[in-house]
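**Student:** Before we start, here is the structure in question, set down as structure tokens.
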Amino acid sequence: MWRRAKSVYPCLIGARHRESQSACGGLSLEAGAQAPHPVTDPAHSRNDLHMTDMTHAHLTDRSVLRAHGADMRDLLQRLVTGNLDAVAPGHAVYSLLLTPQGKFLFDFFMVTDPGDETAVLIDCAKGRATDLRKRLTMYKLRADAAFDDVSADYAVLASWGDGSPDGGHAGSFVDPRTPLLGTRVIMPVGDVDAMPFVGPEAYRAHAVSLGVPDGALDIGADKDFPIECNLDLLNGIDFKKGCFVGQEVASRTHRKGKARKRLVVADVDGPTPDAGSDVMMGDAKVGSVAGSADAQVLALVFLDRVAKARGVAAQAGDAALTLKVPPYAAFSLEDNSESENA
């Protein structure tokens, strides 16, 4: 248990996490399902924290952009894969910006600015924030829209584990990718007191254990397709919202209902293989390592090849791998029915 003097970091995952597990068989959300809204109860005191088994991270590898202007929402609605109409106080949207050919470029969260509900805060990877801002600015032409880097003013925090959903913060939200990831909050840096935070490495390990990729680390910009990286299963694409850059290719794959490649998580027995290492099953190359944390890796694999080599041990470099379907997904590694028409 910890205390803070000025404002309280929300621990909202407990009840919603259990509800999600019950609704999803303890494992996953249906593809395209929306993550639940955060629990906020003004009756609870912001200083009355009853937390157990919670982990809190200060995500210093994240930046915050502020999108504003009379035409901003219409502009973003035409560009990104997320639905701006779903962005509301306390409810974030996970979204992507793709190339016209439908390949991945950026992923980020969009949430209402608590200080100005006409504006949107964008939680994005720190190392790619400048490029994202340039790309969005390039698209705006004469539209009344601006994208300011306000990272010096805001911090991004995350919390996960079992705990009581007491209190809240205006910039908090349940992670829209899967509630298994916990909650996030964007708050002014002045509100972040000396708390027992872990660093972004711990959050990275948590995400990798769930098979959730980091767009800046695990997905090749202008190389990989979002559906192959499970971003459709993580609510990263709203196929009902209308136009977005790269929609034609993404929608075509979605309509087929098949994906030849998918991202899986694997336990590692041996030295952790580098990103890009081949994943082998016998003499067959079935995929490649996308990224790693602790003793687990994310791997992009061909489902039909894995199914064909069923029973053969997987390895990458000198390490043995145990391939697993992420808990939010429903595809199979034991047959190739998902990929037969891809």
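The values are calculated or read from the model by the stated rules, or taken from the named source; none is laboratory data. The structure presented is a predicted model; accordingly, all values stated were derived computationally and were not measured. Every residue, glycine among them, receives a Cβ derived from its backbone with ideal geometry; neighbour counts consider all protein chains shown. We work out accessible area using only protein heavy atoms, side chains counted, and drop any ligands, DNA or RNA first. Shrake-Rupley method; radii C 1.70, N 1.55, O 1.52, S 1.80 Å.
**Student:** Within segment 88-108, how many residues are more than 16 Å from PHE244 (Cα to Cα) and either in contact with a Phe, Trp or Tyr (Cβ under 7 Å, 6 or more places away or on another chain) or buried (at least 19 other Cβ atoms within 10 Å of the Cβ) (or both)?
**Tutor:** Taking segment 88-108 first, the residues more than 16 Å from PHE244 (Cα to Cα) are 88-92.
Applying the additional criterion that residues be either in contact with a Phe, Trp or Tyr (Cβ under 7 Å, 6 or more places away or on another chain) or buried (at least 19 other Cβ atoms within 10 Å of the Cβ) (or both) yields 90-92.
Looking only at that region, the number is 3.
**Student:** Out of all the residues in segment 98-132, which are among the small types (Gly, Ala, Ser) and modelled with pLDDT of 95 or more? Explain how you work it out, then say what you get.
**Tutor:** Taking segment 98-132 and keeping what is among the small types (Gly, Ala, Ser), we get 102, 115, 119, 125, 127, 129.
Within segment 98-132, GLY102, ALA119, ALA125, GLY127, ALA129 meet the criteria.
Okay, residues lined up against (1) assigned to a strand (DSSP E or B); (2) over 25 Å from PHE239 (Cα atoms); (3) without any contact (Cβ under 8 Å) to a residue 40 or more places away in the chain; (4) of a type outside the set (D, E, K, R):
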{"residue": "HIS56", "(1), (2), (3), (4)": "yes, yes, no, yes"}
{"residue": "SER63", "(1), (2), (3), (4)": "yes, yes, no, yes"}
{"residue": "THR81", "(1), (2), (3), (4)": "no, no, no, yes"}
{"residue": "ASP85", "(1), (2), (3), (4)": "no, no, no, no"}
{"residue": "GLY102", "(1), (2), (3), (4)": "no, no, no, yes"}
{"residue": "ILE122", "(1), (2), (3), (4)": "yes, no, no, yes"}
{"residue": "ARG135", "(1), (2), (3), (4)": "no, no, yes, no"}
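**Student:** Ok, one more. Does ALA70 satisfy being modelled with pLDDT under 95, part of a loop (DSSP other than H, G, I, E, B) and aliphatic (A, V, I, L, M)?
**Tutor:** Details: modelled with pLDDT under 95: no; part of a loop (DSSP other than H, G, I, E, B): yes; aliphatic (A, V, I, L, M): yes.
For ALA70, the condition - modelled with pLDDT under 95, part of a loop (DSSP other than H, G, I, E, B) and aliphatic (A, V, I, L, M) - is not met.
Results for (1) closer than 29 Å to PRO176 by Cα; (2) touching a Gly at 6+ places or on another chain (Cβ under 6 Å), shown as yes or no for each residue.
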| position | (1), (2) |
| --- | --- |
| GLY246 | yes, yes |
| VAL249 | yes, yes |
| MET280 | no, no |
| ALA330 | yes, no |
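**Student:** Within segment 308-327, does at least one residue satisfy the condition of being of a type in the set (A, V, I, L, M, F, W, C), more than 20 Å from SER277 (Cα to Cα) and modelled with pLDDT of 95 or more? Give the steps one after another, and end with the answer.
**Tutor:** Our first condition is that a residue be of a type in the set (A, V, I, L, M, F, W, C); within segment 308-327, this holds for 309, 312-314, 316, 319-321, 323, 325.
Restricting the remaining residues to those that are more than 20 Å from SER277 (Cα to Cα) gives none.
No, because not a single residue in segment 308-327 is of a type in the set (A, V, I, L, M, F, W, C), more than 20 Å from SER277 (Cα to Cα) and modelled with pLDDT of 95 or more.
**Student:** Report, by residue number, each residue of segment 132-159 that is open to solvent by 20 Å² or more (accessible area, probe 1.4 Å) and farther than 22 Å from ASP71 by Cβ.
**Tutor:** SER151, ALA152, ASP153, TYR154, listed by residue number.
**Student:** Quick test for you: out of VAL297, VAL264, VAL268, pick the one residue that is assigned to a strand (DSSP E or B), more than 19 Å from the chain's Cα centre (by Cα) and at pLDDT 95 or above.
**Tutor:** On the way: VAL297 fails: more than 19 Å from the chain's Cα centre (by Cα); VAL264 fails: more than 19 Å from the chain's Cα centre (by Cα).
Selected residue: VAL268, the only one of VAL297, VAL264, VAL268 that is assigned to a strand (DSSP E or B), more than 19 Å from the chain's Cα centre (by Cα) and at pLDDT 95 or above.
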